[in-house]
Amino acid sequence: MRTRCLVAAVAGFALSLSFPELHVYVLLPFAVAAFFVVTDGLPMRTAWIPGLVFGASFQVALLWWLHVVGTIPWLGLSLTQTLWYGVLGAAVVPLRRLKAAPLWLAAAWVAMESIRCTWPAGGMPWGRLSYAVVGTPVADALPYVGATGLSLVLAASGTLLATAYAGRDRHARVLPLAGAVAVLAVASAPNVAPYSAAETGQVDVAAVQGDVPGNGTDVLAHYRRITEQHDVETQRLAADVAAGTVPKPAFVVWPENSTAIDPFYDEQMRADIEEAVDAIDVPVLAGVVVDGGPKHVLNQGIVFDPVTGAGDRYTKWHPVPFGEYIPWRWIFGTHLAELNQIPRDMVRGTRVEPLDIAGTQVADAICFDVAYDDGLYAQLSHGGRLVVVQTSNAMFIHTEQIDQQFAISRLRAIETHRYVVVAAINGVTGVIAPDGSVVTSVPARTRAYVDSRVGLYDIVTPAVRIGPWLGRLCVGLVVVGWLLASTQYRRTRRTPRADALTLPLVDRITA
């Protein structure tokens with residue numbers, strides 16, 4: 001068991017290296033294979049142990065960027081996510097008895113990812129296998145199979161490699177190895193003929209990055225200055241438009257927390273927004289914190305129109321547990337000093353229709369929303385033609401979280417076949433094309449804007465249509481697999497193996 005746990009720790013750490021910033025993605029299938037090798041041959045009562053070690057090594061390293069918030073949030077979230085890998089290690093034990101076991105095991109991995117993305121307390125999608133694929137040969141499969149489907153492909157490549165490693169003869173090794181190669185080859189096939197769709201329109205869009213004073217991490221300490229800087233940068237954009245150096249955008253996007261207090265109660269904050277809107281004379285989608293009463297607050301993207309004022313709005317679907325609200329506050333809220341800094345809980349949004357901004361149907365995602373499937377899938381299924389991401393990840397500006405989240409935004413562009421406009425408070429702000437390439441961006445920790453003409457699309461990709469169901473299907477398959485394995489086990493217990501009667505006693509005991 002000691003050797004298994006050591007290998008599991010190394011493999012989990014290797015999997016974390018598959019993601020940006022280092023992005024050594026070739027390690028991914030081998031790390032997944034190692035998980036299934038170290039948990040093989042163990043009963044359920046112990047198979048969870050190397051699984052747990054693997055998960056701890058993976059999640060603690062992957063989420064290292066969270067330590068800037070505090071040791072307790074970093075380790076708390078990491079260890080919560082770790083538990084799922086222990087559950088997976090035990091859950092796959094009966095599935096190994098089934099025919100085509102590698103496929104059952106791959107489905108189990110995706111089932112685990114799907115559950116941990118939603119539970120407990122809203123889950124955390126960071127570290128899905130597919131979030132490591134941007135810039136790799138398999139990324140072009142995303143519009144067809146989605147993030148969940150590509151995780152299934154990558155998991156299957158790992159389970160087949162594990163089967164090849166465990167093979168007892170050449171035949172038992174070559175077939176699964178060939179299968180792993182074939183799976184990755186099929187996933188890479190769209191490189192030859194990438195997904196394409198006809199544009200149904202074009203629009204000029206600008207996104208403003210106002211920057212954060214000081215070392216760039218403390219938004220709340222400089223909230224008035226931050227709004228002023230977004231106002232000034234928008235006025236600079238307006239001056240450039242007036243000078244004819246850039247085209248006039250149809251609308252402008254400000255990031256999450258560009259106004260960190262409620263502008264409907266704070267006159268200076270409201271004045272800064274209105275000044276910027278009047279200067280550019282087009283709608284501005286601003287990231288606004290809105291008061292929700294004595295116990296609640298809302299994180300919203302609000303459209304401020306130069307004529308009609310504040311109008312259409314999107315509320316963040318996935319507030320961060322222990323960062324923007326306290327789950328089970330009656331247990332934790334009064335006992336940990338770090339959590340006392342969150343006196344009011346952020347209310348979750350439920351909007352499924354895209355925003356209407358200057359006649360363009362826009363699917364919005366606020367910060368970590370971009371890592372979840374449901375909000376974007378819903379808005380795109382209801383007519384969203386363009387995606388915007390408003391983010392305030394300033395507290396992580398000196399960590400690899402910035403690269404990881406921007407990579408997820410690039411993944412969404414490929415998966416949904418949409419242009420994605422990212423407005424970050426101090427990095428990375430940019431425009432991403434439907435093939436995942438970065439059209440334009442500005443350096444982190446600078447005050448700047450991006451402007452670009454982007455295409456609009458009406459097509460809903462197969463990924464968006466099947467995405468919500470594939471994870472549920474994998475969960476259902478695992479349940480069916482357990483039932484089948486249980487039936488086979490009971491049948492085997494009732495019927496002694498025919499060859500066991502002719503074996504020596506010692507072989508019968510070990511058979």
Practice prompt. Taking Val478 as the residue in question, decide whether it is aliphatic (A, V, I, L, M), surrounded by 20 or more Cβ atoms within 10 Å (Cβ to Cβ), more than 28 Å from Ala358 (Cβ to Cβ) and touching a residue at least 60 places away in the same chain (Cβ under 8 Å).
Written response: yes
Worksheet item: Got a sec? Which of Thr399, Thr440, Thr446, Thr416 is outside the structural domain of Ala61 (by TED's automatic domain parsing), surrounded by fewer than 21 Cβ atoms within 10 Å (Cβ to Cβ), under 18 Å from the mean Cα position of the chain (by Cα) and of a type in the set (Val, Ile, Thr)?
Response: Thr399
Discussion item. If the requirement is being surrounded by fewer than 24 Cβ atoms within 10 Å (Cβ to Cβ), within 24 Å of Arg410 (Cβ to Cβ) and outside the structural domain of Thr416 (by TED's automatic domain parsing), which of these qualifies: Gly135, Gly179?
Written reply: Gly135
Fill in: Residue satisfying condition, being at pLDDT 95 or above and crowded, with 20+ Cβ neighbours inside 10 Å, within set Thr245, Thr308, Thr234
Thr234
Discussion item. Being modelled with pLDDT of 95 or more and in contact with a Lys or Arg (Cβ under 6 Å, 6 or more places away or on another chain) is the requirement here; does Trp84 meet it?
Written reply: yes
Item to complete: All but one of (1) closer than 15 Å to Ala207 by Cα; (2) assigned to a loop (DSSP other than H, G, I, E, B); (3) out of contact with any Cys (no Cβ under 6 Å at 6 or more places or on another chain) hold for Thr245, so report the exception by its number.
Response: (1)
Response to the item:
Result of the Cβ filter at 7 Å on segment 37-64, keeping first residues that are crowded, with 23+ Cβ neighbours inside 10 Å and partners that are at pLDDT 95 or above and of a type in the set (D, E, K, R), at least 6 apart or interchain, is Val38/Arg4; Pro50/Arg4
Discussion item. Let me confirm something: among Leu77, Leu83, which residue is in contact with a helix residue (DSSP H, G or I) (Cβ under 8 Å, 6 or more places away or on another chain), in the same structural domain as Leu17 (by TED's automatic domain parsing), crowded, with 20+ Cβ neighbours inside 10 Å and hydrophobic (A, V, I, L, M, F, W, C)?
Written reply: Leu77
Response to the item:
When every residue in segment 151-201 that is of a type in the set (Lys, Arg) and outside any loop (DSSP other than H, G, I, E, B) is compared, the one farthest from Val93 (Cα to Cα) is Arg170
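Is it true that His222 is without any contact (Cβ under 8 Å) to a residue 40 or more places away in the chain, more than 30 Å from Asp281 (Cβ to Cβ) and in a helix (DSSP H, G or I)?
no
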Item to complete: Keeping to segment 361-370, report how many residues are crowded, with 23+ Cβ neighbours inside 10 Å and farther than 18 Å from Leu298 by Cβ.
Response: 3
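The values are calculated or read from the model by the stated rules, or taken from the named source; none is laboratory data. All values reported here derive from a predicted model rather than from experimental measurement. Cβ sites come from the backbone with ideal geometry, for glycine too, and all protein chains shown count toward neighbours.
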